[in-house]
Amino acid sequence: MIHYSCDRCRKTIDPKEEVRYVVRVEAHAAIEPQDDFADDTDRDYLGEIQDMLEMGSSDDDALADDDAPARSATFDLCPACFQKFVRNPLGCETHAQLGFSTN
């Protein structure tokens, strides 16, 4: 039998007695499209592909964008922790922000 526990509060979750929530989080870089298509007319795409192929499979990491790797995670949550997650998914402090005048 598989034993589940809440990844937030560490409480044991019995699927026969309560609902187990699965939260999947995925983060990746949002790359904006470039507007300078006019400069691409002289670009040698085949030459760039050839250079990448000549690098070989040992340099696969060089082809990836190391500055912004994609990340994903999966979490099991009990009902109480799931409700807290829904109310505040980023876990930010929810203190009331007071605006004071500059008297």
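Listed values, structure above:
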{"quantity": "Failed item, numbered, when Asp59 is tested on (1) modelled with pLDDT of 85 or more; (2) surrounded by 10 or more Cβ atoms within 10 Å (Cβ to Cβ); (3) of a type outside the set (S, T, N, Q)", "calculated": "(1)"}
{"quantity": "Qualifying positions in the range 8-39 - of a type in the set (S, T, N, Q) and at pLDDT below 95", "calculated": "Gln34"}
{"quantity": "Residues that are in contact (Cβ under 8 Å) with a residue 60 or more places away in the chain and surrounded by 11 or more Cβ atoms within 10 Å (Cβ to Cβ), drawn from the range 1-32", "calculated": "Tyr4, Ser5, Cys6, Asp7, Arg8, Cys9, Lys11, Ile13, Glu18, Tyr21, Val23"}
{"quantity": "The one condition in (1) of a type outside the set (A, V, I, L, M); (2) out of contact with any Asp or Glu (no Cβ under 8 Å at 6 or more places or on another chain); (3) at pLDDT 85 or above that Pro79 fails to fulfil", "calculated": "(2)"}
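The values are calculated or read from the model by the stated rules, or taken from the named source; none is laboratory data. All figures in this text were calculated on a predicted structure; none of them were measured in a lab. Note that we place each Cβ from the backbone using ideal geometry, even for glycine, and neighbour counts take in every protein chain shown.
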